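These notes concern the structure reproduced below.
The values are calculated or read from the model by the stated rules, or taken from the named source; none is laboratory data. Here the structure is a predicted model, which is why all the values come from computation and not from measurement. Note: ideal-geometry Cβ built from the backbone for every residue, glycine included; neighbour counts use all protein chains shown. Heads up: the accessible areas ignore ligands, DNA and RNA and are worked out on the full protein's heavy atoms, side chains in. Shrake-Rupley method; radii C 1.70, N 1.55, O 1.52, S 1.80 Å.
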Amino acid sequence: MGLEDEIREIEEEIAETPYNKATEEHIGRLKAKLSKMKDELAEKESGGGGGGGYDVPKHGDATVALVGFPSVGKSTLLNALTNAESEVASYEFTTLEVVPGMLKHRKVDIQLLDVPGLIEGASGGRGRGREVMSVLRSADLLLFLVDVFEPEGYAKLRGELHSNGIRMDSSPPDVRIRKRDRGGIDVRTTDDVSLSDGMVENTLREHGIVNAVAVVREDVTVEQLSDAILDNRVYIDSMVAVNKVDLADGSVLERTRETLAEEGVDSAVGVSAEEELGLSTLKNRIFDELDLVRVYLRPQGGEPDYEEPVVLREGATVGDVTEKIHRDIGGSFRYAKLWGDSAKHDGQQVGEDHEFADEDVVTVLTT
Ligand SMILES: Nc1nc2c(ncn2[C@@H]2O[C@H](COP(=O)(O)OP(=O)(O)O)[C@@H](O)[C@H]2O)c(=O)[nH]1
Ligand SMILES: [Mg+2]
């Protein structure tokens, strides 16, 4: 029996088994087994490896990958959003051509990647699954592009990415597994965890771990627990744009809206790549979803450089900026002077731990 058949059998068994206290452990074990087998399948079909191998050069301040089936309008959108003059040469992969474009928006250089060839079953090694997935895994944000007439494509795409270890719009579960040489499995959980200790233990065993301390500090599902054990998942935010709205009437739009809402999407951006409609809304949404902070450097005694901010992820500190500009400033950090939303007053003196707000101005003083 092939792996696919085994997976189907287990799925059926789970569906047919009523869930109660008596069957809970058994179902937990089945689910652990299932997630492990699905992982093996994805690995096998994609030719091994959890991604990696095909490094996309990092350009710009952040990278957004366009995800969509053929003909939804990815190329058209890339051309409409990015400056053709600034287009870098395509990255050549063994069999995959990723077309990059640079979008400068609100002073941030956002690299958009048009990743062609994402077809249903791409994860299954048909097409160029492994390369596609490794490009997607390296992105800071996934922009799903959905054809207004085929909103069902969205769930399929997400399914493909999910089975390749890409976890969208969630954080890594708060689970720590420390393997050890002996002592069996020691499970520690916080009060809000609903999985039983036995279930956690079984899941670890399903993954071949027999000696470990497992600390679960969040109410995770069996799948999330498996994710934590496997440790080869990537966690990426995503957003949705619906393309070709120029062709759709009200009832089509309404159906699309409903289909997406069923998938938990209530804020897709409607665009027409061809007619260039909705693009500024889309750019702003991309910018917002990236959760960036822009920091303007001000040389001591000089004026801030408002043209070229240092771009960092939300939550970045003064220390992150000094790290980034270290080569330019030299010396070691003494303190920083700060202006902007995160400053208590103009020119506030702060240390390396201080967290920036967007559009802060900073002067770094070194020895
Ligand atoms: N009417 C309309 N056609 C579009 C739009 N965007 C793309 N198209 C057309 O759809 C076809 C596929 O677009 P393309 O960008 O090549 O799709 P890709 O395969 O996802 O890169 C082309 O004929 C485009 O001209 C749109 O917003 N409206
Ligand atoms: Mg294309």
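Quick look at the values:
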item	result
Those residues of segment 1-22 which are modelled with pLDDT under 85 and of a type in the set (S, T, Y), in sequence order	Y19
Test result for K283, within 16 Å of ligand 1 (Cβ to nearest atom) and part of a helix (DSSP H, G or I)	yes
Residue in segment 343-356 that is farther than 30 Å from N243 by Cβ, among the small types (G, A, S) and either within 24 Å of the chain's Cα centre (by Cα) or assigned by TED's automatic domain parsing to the domain that holds T82 (or both) present	no
Wholly enclosed strands (runs of 3 or more DSSP E) of segment 130-231 bearing at least 1 residues open to solvent by 60 Å² or more (accessible area, probe 1.4 Å)	175-179, 185-189
Test: residue in segment 55-73 that is open to solvent by less than 60 Å² (accessible area, probe 1.4 Å), at pLDDT below 90 and either β-branched (V, I, T) or more than 12 Å from ligand 2 (Cβ to nearest atom) (or both)	yes
Selection status of A80, within 15 Å of ligand 2 (Cβ to nearest atom), open to solvent by 10 Å² or more (accessible area, probe 1.4 Å), modelled with pLDDT of 90 or more and touching a helix residue (DSSP H, G or I) at 6+ places or on another chain (Cβ under 8 Å)	yes
Enumeration of residues in segment 235-280 that are among the small types (G, A, S), within 30 Å of R313 (Cβ to Cβ), away from ligand 1 (no atom under 16 Å from the Cβ) and in a helix (DSSP H, G or I)	A261
Hits in segment 286-313 (condition: under 27 Å from V242 (Cα atoms) and part of a loop (DSSP other than H, G, I, E, B))	L290, D291
Residue in segment 178-189 that is more than 30 Å from A268 (Cβ to Cβ) and touching a residue at least 40 places away in the same chain (Cβ under 8 Å) present	no
Enumeration of residues in segment 342-367 that are more than 17 Å from R313 (Cβ to Cβ) and part of a loop (DSSP other than H, G, I, E, B)	A343, K344, H345, D346, G347, G351, T367
Out of F333, F356, sole residue that is touching a residue at least 40 places away in the same chain (Cβ under 8 Å) and of a type in the set (F, W, Y)	F356
